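Report on the structure given below.
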């Protein structure tokens, strides 16, 4: 049961990382007028990605200094997600099982 829970956490972190990447690419495409947000489908996708990623990106943006239009918060969030996925979860898994069992996905 614990292994299934950790597998689900790994999957969710991986999916959320891709959502952050998609949101960053989407925002760049909108900023360069490649995508038109007046299109209902484009607006819906952008709104979904914004609502999904903004709660995690906003605190990071508040901590970062103003870099003149360059947003590094997605990069920092991806690094933090990778840190959790590769360091924190395996150690927690090993602590629960009482040994250094390997958790590879």
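The values are calculated or read from the model by the stated rules, or taken from the named source; none is laboratory data. Given the structure is predicted, the values throughout are model-derived calculations rather than measurements. We place every Cβ from the backbone using ideal geometry, glycine too, and count neighbours over all the protein chains shown.
A few remarks follow.
- When the stretch 26-45 is filtered for residues that are touching a helix residue (DSSP H, G or I) at 6+ places or on another chain (Cβ under 6 Å) and not in a loop (DSSP other than H, G, I, E, B), only 26 remains.
- Among the candidates 8, 41, 22, 12, the residue that is loosely packed, with under 11 Cβ neighbours inside 10 Å and under 18 Å from residue 82 (Cα atoms) is uniquely 8.
- Number of residues in the stretch 57-69 that are modelled with pLDDT under 90 and either closer than 19 Å to residue 23 by Cα or assigned to a helix (DSSP H, G or I) (or both): the value is 1.
- Residue 16 meets all of the listed conditions (1) under 20 Å from the mean Cα position of the chain (by Cα); (2) closer than 24 Å to residue 92 by Cα; (3) free of Cβ contacts under 8 Å to residues at least 12 places away in the same chain but one, namely (3).
- The lone exception for residue 84 - which of (1) free of Cβ contacts under 8 Å to residues at least 24 places away in the same chain; (2) loosely packed, with under 15 Cβ neighbours inside 10 Å; (3) in a helix (DSSP H, G or I) it fails: (1)
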